[in-house]
1. Only counting other Cβ atoms within 10 Å, I'd like Asp465, Asp363, Asp111 sorted with the fewest neighbours first.
2. Can you tell me the Rg and the Dmax, both Å, for the Cα atoms in region 134-211?
3. How many angstrom separate the Cα center of region 305-355 from the Cα center of region 449-516?
4. Counting only helical runs of four or more DSSP H residues, what would the 222 nm mean residue ellipticity of the chain come to if each run contributes -39,500 (n - 2.57) and the total is spread over all its residues?
5. Which aspartates and glutamates does Lys355 reach when only Cα atoms under 16 Å apart count, and residues fewer than 8 places away in its own chain are ignored?
6. Dividing the convex hull volume of the alpha carbon atoms of region 1-41 by its residue count, what do you get in Å³ per residue?
7. When the Debye formula is applied to the Cα atoms of region 461-521, each taken as the same point scatterer, what base-10 log of I(q)/I(0) results at q = 0.24, 0.30 Å⁻¹?
8. Quick one: order Phe718, Phe521, Phe497 by neighbouring beta-carbon count within 10 Å, fewest to most.
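A short reminder: the numbers here are calculations on the coordinates, not readings from a lab. Just so it is clear, the structure is predicted and the values come from calculations on it, not from any experiment. When we count neighbours, we look across all protein chains shown, and the Cβ atoms used for this are built from the backbone with ideal geometry, even at glycine.
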Amino acid sequence: MPTEPPATLAAWLRTRSDEQLSALLVARPDIARPAASDLVALASRLAVPVSVDRALDELDAATLQVLDAVLLAPTDGVAPDDLIAALPDVPDDVLTAALDRLTTRALLWGDDVLRAPDPVRRAVRHPAGLGRRATELRVQLPGDLAATIGELAQEEREVLERLAAERPVGHLPDSPSDVKTPARRLLQRGLLARIDALNVELPREIGLHLRGDRPLGPPRLRPEPAVATHEQASVDRRAAGAALESVGKIGELLTLLEEEPAGLLRSGGVGVRDQKRLARVLHLGEAEAAWLLELAYAAGLLDVGGPHRDEWLPTRAYDIWREQDLADRWAVLAAGWLGGVRLPSLVGQRDVAGKAVNPLSPDLTRHTAPAIRRSALAVLAEYPPGAGLAPDDLVALLRWRTPRRADRLAPVPGMLEEAARLGVLVGGVLSTAGRGLLLQGEDGAADGMRGLLPEPVDHVLAQPDLSLIAPGPLVAELADTLAVVADVESSGGATVFRVSESSVRRSLDAGWSAPDLHDFFTRASRTPVPQALDYLIDDVARQHGRLRVGSIESYVRSDDHGLLSQVLNDRRTAGAELRRLAPGVLVSGLGADEVLSVLREAGYAPAGERPGGAVLTRPPARPRALGKRSGTDSSPAPRPLTTDELAATVRQMRAGDAALSARRGEAVRQVPGVTTAGTLELLSRAVRDGAAVWLGYVDAQGSGSQRVVRPVSLVGGFLQGYDERRGENSTFAVHRITSVALVEQDPESTTAS
């Protein structure tokens, strides 16, 4: 006898094989956790609007066109052969692949006749870009539609054709209601339906009439853009150059913020003044400085901190980052960018109030950003090494792949520019490290970049003009020291530092002595230390420390009484609140750090002093923000189910479905009242016949559950058998069984072969 076709989605799911159910859970992972109790529950999850929208959003334009053909069919279901006739220009392989995607995701169901579940029909409001039916819009169409349309003026017909082309909803022109614009005349004729005061919709019947013999429009085939090709080795070398520059600039930026943190605006972000300061010192444009701030934040190296949490400071993670090798440092930056939930390209643009958006502002947060970046890189990863796409072609392909998300693709060009700055992308081609980043995360990114970046150097080359040339990236310890004793003059493949009077004074302020500086430059330089540098150090050191500052809150002392009188009478030092305590000693109610700052700004060169009178040589602790990767996506996609987990989930749903059939009395013989004798009799029969039973069971903690068990033995008041829902052998105490039923095979509950 021929098998009756399934009447519901749940019944159709019962006919699917275990492999097909597993493919459904993989294609729609949001329905997989927690595991559905049975196939009816699974069908209910498939109907949740959020899940339906998510599944539709992942379909390409060709697949959506096939779905549109089913939704627009005059009957409830469509035979596959009728789909071929409705889409004559679509190649057979494209049609077959589209149907496979739709049925795999249960967006269409059925075998001989394909049907769309009602939630899918509701989610696709305008299939093929056509409006709703006239009856749904409560519009009375003219009796002779063709004649009425044929009588329209040219401008009125143009309005209808524009609405029939792609999007059936339009705006009424902003004009007085008594002015008869083409759209208003069409409203009066009943050829447009008013949705609200501003919008109108073209009824589906009119759109189909205007489209003629191509109601679904031209075939939406995959675009085949021209492929850009570059030698992969060249791409990787250029990517390494971009990576090296990014790591170096981030290090310089955070060193500056370590010395002078940027202030936190009340509205969040970094102020224009700090942005300009960082750009000036780093010799960059303001847009580039903003990009570096955003990148450091996304990588977890920069965050809000300070005593009052009102400053942007390097985080504790920065200390670890600085000790890593260059490839690992770059990988941290690249992974932070890929998972970042912010759009740095929006910095400087005007918000709704007309105000420019600041770096690190909350206004830059877009939680869709990680998915957009990944989708763009995933398209490029489909091409072989050395091949890629131009930005415009990539955007066009993304629009075809996810047309329902096309409005989210505006940031893609800016994201591609950022990827090029980092070295993830070169000329539209993924670097080896960029491909590793997408497929394997930080580890893959570091492995792809390792060997392309130079090893850090532990020396500089001192020049007669008081400059120091670093012939490559520096080891962390040497970089730290040079940040104190010299200033960066230019950066790139070789960083140039400049030693000046102010930098020498800064090092003396930090506790260095003149002999320490002479010794450092002798050890650090591979070239002889120029005599001019030795003279500069000695000259500055002679002036340094003639004033001593300590705490009373604080005091200032000197053997040069004339110098103290000069300081006391200097109007520039009024902010230090000094007064004479004794010959050679001034005191202040301010702390030692504040007094030191005022005197240094006034042009003096005081030194800090310990309580015992020795010069303070311990540098202050570096300020740090607590920090975390707050700029990255905090809710990553759930981990895909493993093969074993998929099998267990399908097994559990099958068992639950069998139990559901048993509870409904379908093909079930149940023992009334469940006496001990009746229970033992039924269980013995199940062991003898190898039949599955449905058990109601209460465990030792008093928790009730329902199980489908295939008994193996019944000995000493205990039943042993295979628990099909849990996928394991279990033992059950007979006296804890509350109900029992034999579960016989039902045609709808068997697995399709």
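1. Asp465, Asp111, Asp363
2. Computed over the Cα atoms of region 134-211, radius of gyration and Dmax are 11.5, 32 Å.
3. 25 Å
4. -13500 deg cm²/dmol
5. Counting by Cα, and skipping residues close in sequence, Lys355 has these aspartates and glutamates nearby: Asp363.
6. 81 Å³
7. After summing over all Cα pairs, the log10 values are -1.05, -1.45.
8. Fewest to most other Cβ atoms nearby, the residues stand as Phe718, Phe521, Phe497.
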